[in-house]
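Below is one structure, written out as structure tokens; the observations come after it.
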Amino acid sequence: MVEQALALADDEGVEAVTIRRLAGRLGVTPMALYWHFKNKDELMWALAEHVLSGVTADITPGDSWRKRLRMMVEAIVRVMREHPCLPDLLTAVEDKHDVDSFKRATEAALDILTEAGFTLREGFYISSYLLNGAIGLVKGQPCPIVLPREEEAEARRQRRLKLESLPSDRYPHIIEYGATLAEPPDVEHYFTFGIDLLLTGVEALARRHETGTRES
């Protein structure tokens with residue numbers, strides 16, 4: 001049932017998920033679903049719980065805080081790539097902290113970040129930054145719209161021509177970048193680079209904390 005609702009959200013967007021639409025997919029009456037969900041809010045909570053349940057699954061307590069934090073960020077990015085509805089789903093859930101899996105992920109993040117030397121307030125700031133950064137990373141990925149190979153290549157060609165037609169005396173770097181669009185983007189490198197970019201800032205701040213502690 002939840003898997004069908006999730007498929008509907010991924011295919012048509014979170015706003016398309018209603019008790020009536022889900023009942024139609026399942027071939028049952030809407031009243032049959034009200035035994036499981038009192039309203040759409042409860043359905044949204046169930047979806048969020050299901051999607052986020054694996055974010056902390058692979059974290060090993062004995063690992064360094066850096067490794068555990070990276071695993072969490074990689075997990076949330078992976079889940080968002082698998083289920084593009086997740087960013088909108090998190091927005092649709094009125095209070096994410098009512099969702100047990102979100103609370104578990106938040107608690108795990110705070111545990112990691114306090115071990116890194118941050119205060120709880122700083123930990124909340126950082127965990128929010130990483131979540132929003134992961135959302136931006138997935139939403140901004142190269143070729144976010146799935147197209148047939150020929151159409152994707154033509155879309156890249158049109159974009160390349162547009163960039164290369166800019167005045168060379170004003171936009172030399174943009175024009176040079178445009179030439180890179182001749183080849184398909186390395187999407188996996190994009191995500192690895194983006195996660196590195198997010199975590200490098202956190203690690204640099206942690207080193208600053210460590211230095212301050214040693215000097216005090």
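Using the structure shown, list the pairs from Lys40/Lys67; Lys96/Lys162; Lys103/Lys139 with a Cα-Cα distance above 30 Å, or answer none. Intermediate values should be presented prior to the final figure.
Numbers: Lys40/Lys67 37 Å; Lys96/Lys162 42 Å; Lys103/Lys139 24 Å.
Checking Cα-Cα distances, Lys40/Lys67; Lys96/Lys162 exceed 30 Å.
On a full-extension model of 0.36 nm per residue, what is the gain between Tyr171 and Ala7, subtracting their alpha-carbon distance, rounded to one decimal in nm?
Extra length available between Tyr171 and Ala7 comes to 54.7 nm.
Could you check the simple spin-label distance between Val187 and Glu164, using points 7 Å along Cα→Cβ, in nm with one decimal?
Calculated label separation equals 2.5 nm.
Asp196 to Glu150: FRET efficiency via 1/(1 + (r/R0)^6), r the Cβ-Cβ distance, R0 22 Å, to the nearest 0.05?
0.10
Pairs of Cα atoms under 8 Å, at least six residues apart: use those to get the relative contact order of the range 115-204, whole percent.
It comes to 33 percent, rounded to a whole number.
So if R0 is 45 Å, what FRET efficiency would Trp35 and Ser64 give, r being the distance between their Cβ atoms, rounded to the nearest 0.05?
0.45
Round to a whole number: what % of the accessible area of the chain belongs to carbon and sulfur, probe 1.4 Å?
On the chain, the fraction of accessible area on carbon and sulfur atoms equals 55 percent.
List the residues of the range 74-106 whose backbone N lies under 11 Å from a point placed 7 Å from the Cα of Ser53 along the Cα-to-Cβ direction.
Answer for this model: 101.
Counting only heavy atoms of the protein chains, get the accessible area per residue of the range 125-216 (1.4 Å probe) and round it to a whole Å² value.
Dividing the accessible area of the range 125-216 by its residue count gives 71 Å².
Let me have the 222 nm mean residue ellipticity of the chain computed from DSSP H runs of 4+ only, each contributing -39500 (n - 2.57), with the sum over all residues rounded to the nearest 500.
-22500 deg cm²/dmol
Which loop-located trypsin sites (Lys or Arg not before Pro) does the range 112-180 contain, where loop means any DSSP state but H, G, I, E or B and the Cβ has at most 14 other Cβ atoms within 10 Å? If you can, show how the numbers build up before the last one.
Numbers: sites: Arg121, Lys139, Arg149, Arg156, Arg157, Arg159, Arg160, Lys162, Arg170; in loops: Arg170.
Passing sites in the range 112-180 are Arg170.
Relative to the compact-globule scaling 2.2 N^0.38 Å, provide the ratio for the alpha-carbon radius of gyration of the range 13-73.
1.64
Can you give the relative contact order of the chain as a percent, counting alpha carbon pairs under 8 Å and 6+ residues apart?
17
Mind checking the per residue accessible area of the range 1-73 for me, 1.4 Å probe, whole number of Å²?
On the way: 3960 Å² over 73 residues.
Accessible surface, normalised per residue, equals 54 Å².
Of the listed values (1) 8, 34, 38, 17, 3, 0; (2) 7, 32, 34, 19, 7, 1; (3) 7, 26, 26, 22, 15, 4, 0, identify the label whose number matches P(r) over Cα pairs in 10 Å bins from 0, in percent calculated from this model.
Here P(r) over Cα pairs in 10 Å bins from 0, in percent agrees with entry (3).
The values are calculated or read from the model by the stated rules, or taken from the named source; none is laboratory data. On a predicted model such as this, the values are computed, not experimentally measured, just so you know. We place every Cβ from the backbone using ideal geometry, glycine too, and count neighbours over all the protein chains shown. Each accessible area value is taken on the protein alone, full model and side chains, heavy atoms only, with ligands, DNA and RNA left out. Shrake-Rupley method; radii C 1.70, N 1.55, O 1.52, S 1.80 Å.
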